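Following: one structure in structure tokens, then a few remarks.
Derivation of every value follows stated rules applied to the coordinates shown; laboratory data play no part. From a predicted model like this one, the values you see are computed outputs, not experimental measurements. A quick note on method: Cβ atoms are made from the backbone with ideal geometry, for glycine too, and the neighbour counts reach across all protein chains shown.
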Amino acid sequence: MASVHESLYFNPMMTNGVVHANVFGIKDWVTPYKISVLALLYEMTTSKPIALQERRRLNKLILPLQQGPDLTLDQFLKTVEECCPQTAYAVKLRLHEMADGELKDMEYFFATLPTPFSAIDSEAYKTSVVGLFMRHMLLAYNKLSFSQVYKLYKALQQYYHSHYSQPGDVQVGLAADDSDMDLTSTEDNVGERMEKEELDTRPEVVDRGPLSQKQAEYFLARQAYLLKNDENKALKPSALQDELNNMLKFNPDFAEAHYLSYLNSMRVQDIFISTHSLLHYFDRLILSGSEGKSNGDEGYGRSLRYAALNLAALHCRFGHYQQADLALQEAIRIAQESNDHVCLQHCLSWLYTLEQMKGSDSSVLTEDSVKMAAHFCLPYLVSLGIQSLVQQGAVQGKTAHELMDALKDTDILHWKHSLSELIDISLAQTTSIWRMYGKSTMAQQQAQLLLNMNSLEQVNFGVQQNNTEAFAVALCHLAELHAEQGLYGAVSEVLKHLKEQFPPHTQHAKLWMLCDLKIQFDRAMNDGKYHLAEPHVTAIAALNKTEGLYRKAQVLKALNRTTEAYSILQRLQLYCEKTKYTEMIIRVMLVTAELHWESSGFATALPLLLQALALARQHHLQALASETILHLAFTQLMLGVPEQALGVLHEAMEPILAHGAVMDKGRALLLAARCQMAMAGTRSNGQRHAALGLAVQSLGEAAAYFSMLDCKERLRDVHYLQARLHHTLGQTPQRNKCAMLFRLLDQELQAPGAAVPLL
Amino acid sequence: DKCAVSIRPVIICFIPHTGNLISCLDSTFGDLVQIKKQLISVISLCKERGLVHSVKWASELAFALDPLPKNELPPSATFTEEDAQDMDALGLAKSYFDLKEYDRAAYFLRGCRSQKAYFLYMYSRYLSGEKKKDDETVDSLGPLEKGQVRNEALRELRVELSKKHSAGELDGFTLYLYGVVLRKLDLLKEAVDVFVEATHALPLHWGAWLELCNLITNIDMLKSLSLPDCWIRDFFIAHMYTELQMIKEALQKYQSLIESGFSKSTYIVSQIAVAYHNIRDIDQALALFNELREQDPFRIENMDTFSNLLYVRSMKPELSYLAHNLVGIDKYRVETCCVIGNYYSLRSQHEKAALYFQRALKLNPRCLGAWTLMGHEYMEMKNTSAAIQAYRHAIEVNKRDYRAWYGLGQTYEILKMPFYCLYYYRKAHQLRPNDSRMLVALGESYEKLSQHVEAKKCYWRAYTVGDVERMALLKLAKLHEQLNESDDAAQCYIIYIQDIFSCGEQLEHAEVSTALRYLGQYYFKNKLYEEASLCAQRCCDYNDAREEGKALLRQISQVRDHMEASNTTPVRRVSPLDLSSFSP
């Protein structure tokens, strides 16, 4: 039975086997809501002058009203009332005239609308936004058949009366009598309606009418823009998916909705739906692109290539490198066959990205890509390639001026072509490079520059783009820089912002998670709370394996489990040498040297430290070089050559005080004081006093730095040394004070078993 | 079940002779006379209510049974007082109803009190809504509004029917209508419950069973339902098995139905034929369809399936005869259009074929097969984009249409995107895990992507699930050959040859000679000269391998001469090929 009736249904959009989404070219049609908007426009153009401010508010309202989804009359009138109550009343009156009058009233309304073609001076001129809208509406209205006009009128009546039939509405008086007349039965009207509502399981879904094509396009554009630029302002993933499903139910041919669905499911890491939507989108796109175009550059062959490329990108995002590789090869092959150089370039840039993600060296590929992209005038790909090269170069120890030069060149390119996204990346990259070289001030300045810069992109929907990776990186650096200076309040502010801006499920959330964990770990280690640091290690390892191993070795060393720590460090060093991760190699060497200290193997630590120093200098890693020097000085001190130690230390003192973390500053000063003390022992009495005075001074500064970080173990040592010095110098009150401070801290720190940091 | 209990007395007082309808709950086929009686009474009941499709089904079945003697005929329905009162109004309304003037019919029935009148009243209102909906659809404003057109009467009907339902005042027919209304409102869960109730109240109404069938999606759901224990239930279960692709079980069911006395039923014959078609037992299906056409020459239903079979067998004259015959009967039927489409397709007139599939779709856009077939036509015409569109539409109508997924995969394969098409083939494979064609297609794609391990797995799996085209092993062997895994390749060739010879029929693309040639060389290399010479001799039976066979024989005899001098025993590594029992 069902099938018999459905057979009456045919699809008028189908010609030659292809269903065209819009064979009549109608993107919009008249609905009761649209009539209300028309009435508003009519009132605005014809009625007596409205106050300037109100007019301005109304003008601002026009575009959202035209583009947005259909509102109920309640919502509509409320919005207008907020701007201008007088106009709202006039609009209501006009609608009342139509809805409670006869069909001819509506026909009269359309007849009296100012035609955009005649009115040259008015706002409704034919090419204006308002004029265009009115023309659309008039055209759509004139195309309606007899029964459709009647249906529209019925819908208008219903639209108008549903506004008044809501319980608790005060303004019933205006239309109450008539609304009763419309309904056939008299008495149990309300009861029945209530029941109907009760029975309706999903009132919201049923009540939402379909969007017209215009409205749908606007909705999609807005949501896509928000997804790209500020995800938090877009609809929640589930709500957005509901909307999209609804839209697709009414118009399955609306391909763009599938693409948005793909983006949306990427947000929640749903590979199943995202693959499905992506392929569906391209299946649809292939059709729309095929009309009147050949298989070549512009036709559906093109979308085929990009379909494969997008599939590769998708697999890349989910970390399926093998799949991504296959898809990419396919894209490359098709692009080669059809001589599409632009597509090939895109493929190439994905290829080196993929290689990089897989962890292999891709600088040759990248260089090729840059050259070719420059040849085909694709500035975006050129500078993206250069940036990638800079990143690789920085890791491999290219000289600083080369890198900076390259970045400067790309910056010129960016500004010339207004590639705001790449400018952001470039700034974030400079921040990272400065940070790597140990120039914290420069890094901070670059990060601030990025965060305070006004983007070149247009600000749509009141949202500026600030959820890219570049921003996340800069903010993470900022957080770490503040942590180094012991400004933990600021750190938590920055992290809070990061958490809001990049919610945990998003793509770049891992960056701040790692950063947060590292900071917490460092704090726990500095405080000597190794049991707190331990759980962080697992979390860090989940996000970054190398970093996790390194931290694990640190914890093990602190817990005196030397053998385990040593084996981990050996493994780590081998791995890092293979992947050319210089920073980590140096760090591993330093920790290994510290392990040697524990077993009093100061002499064995020396060559290791020298090697580390050479590496650090070769790669211009100033922060690490300074730290290595600290280690070196300490080793020399322990080997009984304090003069040498102090000499070496002076070399590092300046950069540490200028750029170093608070911790390093304290350590350096403490070490200096110890060297001075050791040297004082060999000198004559007068000189000795002066030298010891210097040492007291250094210790005072070191104590100030350590107390900033609340680093109790080191503080205890400092107080002990201070007390000893004051004792030697015969300054009893100061000695007593320091001794008391030492005693207090010592009582607090009665945790046996853990190693006290030597340096 | 509370409702079922409360409804039954209503039916009995309203149709006293349904006593025998209820008695049919003791499911036995022993008494065909009883069944016939039940069918005759249900036919008249449905007829009075305008349920034409159920009347047709029951009548077909009744026709298949032996006629009853005059005294055995069931008494015509007895009237209650209410029926007598409503008789005139009912008669008038029924005539309007038959003329498709539903609103008019409903108007004259509004005051009637009898159950029969009430059903017709509600049914007219429902149909009026449906008819208006269809008219609206043609007249709709734009593509987006299409989905919005609704049967406005549905919600009112639901409110009224649910009231009566909770009061327990609905009989079997109205329950059925209530279920239909619920289904149309997408309240599927409630609809299933109501249909089950309807089958309990009136087991013989086939329409309710059929609606239920459309709502059941898997076997677990089917098992969880409590259905009335009646002979008609077996028909339902058999139909359900066919729908759920459990062909073996379905065939068993139908066989037992035939054995219990329904051997003349065209309905069962057609269902069995469709089932055979689904498992691609083409000969059986063809035979049954021919039988069906003899019994019922003006039948149009299922003839599209018949034409598919003729198409697969490339039986041009038969297909042409069928097409012309059907056009003579009714040219504006979906089935007719599909048959003509197939006919043109077989004659390689793909434009015309596509045109006729389009026409079928205009007649019924939810006709799944036509979308897929149209996709195939566009593929033939190398219009890939239109093909993709057609397949996508088919998937939209039914996500589980494996042929459309497979077609999409093929399209992309033709566009030389083997990785891209993997997704589609995988989808198809998911839906038909035991279909070798998808597995072979998957294997081929993997092979193109140089994913040899996956490719081998696919081919082997395709062989184990019963390879229809007998290509999987050959491909697997060639792949092994390519990878220099000669032992595995030889093994595959051996199985392949045994397979080809044992199936008996001649296959066009069989490459026995290739296999023999390779095996000959292989045995020769492994110094198994006996087997090698056997293969070489067999090679000589084939034109394309004759020369090589002879050359190999010469080589063998040379080496043998040489060997007799040295006399060493070769190491046996692969079991020899036993060809003695087969003849090419």
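Residue A:88: net charge of surrounding residues, Cβ under 13 Å, Lys/Arg +1, Asp/Glu -1, itself excluded?
Surrounding charge for residue A:88 is -1.
The residues packed around residue A:383, meaning those with a beta-carbon under 11 Å from its beta-carbon, carry a net charge of -2 if Lys and Arg are +1 and Asp and Glu are -1.
The chymotrypsin sites (Phe, Trp or Tyr not before Pro) of the stretch A:522-570 include none that meets both criteria, a DSSP state outside H, G, I, E and B (loop) and at most 15 other C-beta atoms within 10 angstrom of the site's C-beta.
Grab the other residues whose beta carbon is less than 11 angstrom from that of residue B:480, score K and R as +1, D and E as -1, and report the net. Its environment carries a net charge of -1. Couplings 3J(HN,Hα) of the stretch A:723-737, computed from phi: 4, 4, 5, 4, 4, 5, 7, x, 9, 4, x, 4, 4, 4, 4 Hz, in residue order, whole Hz [Karplus 6.51 cos²θ - 1.76 cosθ + 1.60, θ = phi - 60°; x for Gly and Pro].
In order along the stretch B:452-466, phi translates into HN-Hα couplings of 5, 4, 5, 4, 4, 4, 4, 4, 5, 4, 4, 5, 5, 7, x Hz, rounded to whole numbers, per the Karplus curve 6.51 cos²θ - 1.76 cosθ + 1.60 with θ = phi - 60° and x for Gly and Pro.
Normalising the average separation of contacting C-alpha pairs (under 8 angstrom, six or more residues apart) by the number of residues puts the relative contact order of the stretch B:46-120 at 32 percent.
Site pair residue B:243 and residue B:465 shows an inter-label distance of 2.4 nm when each label is modelled 7 Å from Cα along Cα→Cβ. Shielding by partners for peptide B:417-424, expressed as the average number of C-beta atoms from other protein chains within 10 Å of each residue's C-beta, is 6.
Checking every one of the GluC sites (Glu not before Pro) in the stretch B:32-140 against DSSP loop status and a limit of 13 other Cβ atoms within 10 Å picks out no site at all. Cβ crowding within 10 Å ranks B:366, A:551, B:359 as B:366, B:359, A:551, fewest other Cβ atoms first. Between the listed residues A:608, A:582, A:592, the Cα displaced farthest toward the positive end of the dipole of the stretch A:523-610, a dipole computed from Cβ unit charges relative to the Cα centre, is found at A:582.
Remark: relative contact order (the stretch B:405-517) = 16 percent; criterion is Cα-Cα distance under 8 angstrom and separation of 6 or more residues. Residues in the stretch B:208-215 carry Karplus couplings, in order, of 5, 4, 5, 4, 4, 4, 5, 8 Hz; the curve used is 6.51 cos²θ - 1.76 cosθ + 1.60 with θ = phi - 60°, and Gly or Pro positions show x. Loop-located GluC sites (Glu not before Pro) across the stretch A:572-613 with a Cβ neighbour count of 10 or fewer within 10 Å are lacking, with loop assigned by DSSP. Here chain B is scanned for chymotrypsin sites (Phe, Trp or Tyr not before Pro) in DSSP loops (not H, G, I, E, B) that have at most 16 other Cβ atoms within 10 Å, and the longest stretch holding none of them is B:333-581. Placing unit charges on the Cβ atoms only, positive for Lys and Arg and negative for Asp and Glu, gives the stretch A:314-445 a dipole magnitude near 380 debye about its Cα centre.
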